[in-house]
Amino acid sequence: MSDTIAAIATPAVPSAIGILRLSGPEAIAAVSAVFRPLGGKPLTAYEDRHLVLGELLGPGGEVIDQALATISHGPHSYTGEDTAEVQCHGSPAVLSLGLEALFAQGVRQAGPGEFTRRAFLNGQLDLTQAEAVADLIDAETPAAVHQAAGQLSGALGRRVGAIYDGLTDLLAHFHAVLDYPDEDIDPFRADTIQAGLTGARTALEDLLATYQRGKYIAGGVPCVLVGRPNAGKSSLLNALVGYDRAIVTDIPGTTRDTVEAKCVLGGVTLRLIDTAGIRETEDTVERIGVERSRAALEEAALALVLWDGSTALGEEDWDLLADARAHAPVILVRTKADLPSKPMPVLGVEEMPPVVSVSAKTGQGLDKLGELVEGLFPTVGVGGAGELLTNARQAEAARRALEGVARAEESLEAGITPDALLTDVEEALSALGELTGANIREDITARIFERFCVGK
Ligand SMILES: Nc1nc2c(ncn2[C@@H]2O[C@H](COP(=O)(O)OP(=O)(O)OP(=O)(O)O)[C@@H](O)[C@H]2O)c(=O)[nH]1
Ligand SMILES: [Mg+2]
């Protein structure tokens, strides 16, 4: 039996409404002790999920706010336990007094993600849905919202569940075969098993193929800014994130280490990585910086190659462009568009990446840059929202499942005994079980919920 937890579920800043939340066996009793409905009827006399107007009391029994309260008896609640919520005015002082009053009733402060963790442990959500809760809270773009909302409604869980069910059916065939060890696999069964394994493998390959897109939608596209010293990389980063994240000076070689910041551009979350300007240098620190720039380029899914538009494109810019294109899609960015510029270079169609002129100073061209980014990472009309793999944990589990199925398929073709196949399929099933949380280890669960905020 778990204890009763409480938390302030809204941010600690003055706002119109603030919410106190409780879950556990004493949740309803504790709230009833600190909330006095107007009209005299006790809170417990109201139906579940009915909003009741009343007075919220502080630790000394004094009235601290006029508020709304609601109760839900388990298992018909978010966590599956008895729960209660108080909506009061969003004053951090009111909320902490209210929370203190609840603590006086013997409930304790909830840890990060503890409500959702209880929901998962009580079978209200599978693990992919629980992860979707955190993704939804963190969502910065409409695409991220749609993915997380779909996942929360169970789309990914159902997709994985269908593969799981197919493999479970196959196990039944294996067992039938194993019950008659002296006989060869009857050809009918062998065909069914073969078809089932192939179907599962294809489904898993398709699922794994969604990871790249899902990862970019949920976590952002790693996007490196490269160019010669003074090209305007740090200035562009600052313009895109909207504050002075990186140091800007007119001294070439200002940025030494890589600087990261997130922004949303063209409906796409970018994980921008500003880098040291690339040039030959004798300076030890700067040389390490240049090495880091090249390493960042290798990790990037998008490279913005910048050159100072008030100068002509030089040989070093061309080399850098070629380098960048070997690693990632490139957008060529001509900077300082507010200054008199050299004519745009004329390039052959084939060697021409998309080009845009921008000014970090006036903001000119940033919209166009956004359109180009969106063109490379389209966010609308691509379907599959909610059933993409979005994090490394899910992808790793899906990969192990695929390996198990592929091994079983090869073994069957090679005529290996059914019990060997059985082990491989069981491994695949266990990996899929981890993905949805059906059989996940306690320590891994703890790690997943750590990234949640308190009150969720
Ligand atoms: N007029 C104008 N000046 C700019 C613009 N962007 C950058 N600059 C100037 O160009 C100089 C270099 O800018 P940075 O952003 O530091 O360039 P960087 O590419 O990060 O340089 P390093 O870190 O040295 O590689 C600074 O003096 C900036 O003020 C712009 O859009 N318009
Ligand atoms: Mg810089």
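Observations, loosely collected:
- Projected area, mean over directions - the chain, Cα convex hull, nm²: 30.4 nm²
- The packing ranking, built from the mean of other Cβ atoms within 10 Å per residue, places the peptides 87-96, 217-226 in the order 217-226, 87-96, highest first.
- Positive minus negative residues near residue 97 (Lys, Arg vs Asp, Glu; Cβ under 11 Å): -3
- Using only side-chain charges placed at the Cβ, +1 for Lys and Arg and -1 for Asp and Glu, the dipole size of the stretch 72-129 relative to its Cα centre rounds to 100 debye.
- Furthest towards positive pole of dipole, 90, 405, 354, structure part the chain, Cβ charges: 90
- Which of 318, 307 has the fewest Cβ neighbours within 10 Å, and the rest in rising order: 318, 307
- Likely footprinting exposure, 271, 334, fewest C-beta neighbours within 10 Å first: 271, 334
- DSSP beta bridge pairing in the chain, given as percent antiparallel to the nearest 5: 60 percent
- Working note: 222 nm ellipticity from helices only, DSSP H runs with n ≥ 4, each -39,500 (n - 2.57), summed and divided by the residues of the chain, gives -14500 deg cm²/dmol to the nearest 500.
- Span-like helix criteria (full DSSP H runs; alpha carbon extent of at least 24 Å along the helix axis; mean Kyte-Doolittle hydropathy of at least 1.6) are satisfied in the chain by no helix.
- Antiparallel DSSP beta bridges within the stretch 217-376, as percent of all bridges there, nearest 5: 25 percent
- Taking other residues whose beta carbon is less than 9 angstrom from the beta carbon of residue 388, and scoring Lys, Arg as +1 and Asp, Glu as -1, yields +1.
- Inter-part distance where the stretch 412-456 and the stretch 300-323 are each reduced to a Cα centre, Å: 45 Å
- Average Cα contact separation per residue, the chain, under 8 Å, 6 or more apart, as relative contact order %: 17 percent
- When the Cα positions of 272, 284, 252 are compared along the charge dipole of the stretch 251-292, 272 comes out farthest toward the positive end, with charges on each C-beta of Lys, Arg, Asp and Glu.
- Total lysine pairs in the chain at Cα distances under 24 Å, for residues eight or more apart or on different chains: 15.
- For the stretch 269-401, the fraction of alpha-carbon pairs in successive 10 Å shells from zero, as %: 10, 33, 34, 16, 7, 1
- With K and R counted +1 and D and E -1, the other residues having a Cβ less than 12 Å from that of residue 151 yield a net charge of -2.
- Value in Å of the Kirkwood radius, where the stretch 5-110 supplies the Cα pairs that are averaged: 13.2 Å
- Leading residue at positive end of dipole, the chain (Cβ point charges), from 211, 304, 64: 64
Values quoted throughout were computed directly from the atomic coordinates according to the rules given, and no laboratory measurement underlies them. Please read these numbers as outputs of a predicted model, since none were measured by experiment. For neighbour counting, all protein chains shown are included, and Cβ atoms are generated from backbone atoms with ideal geometry for every residue, glycine included.
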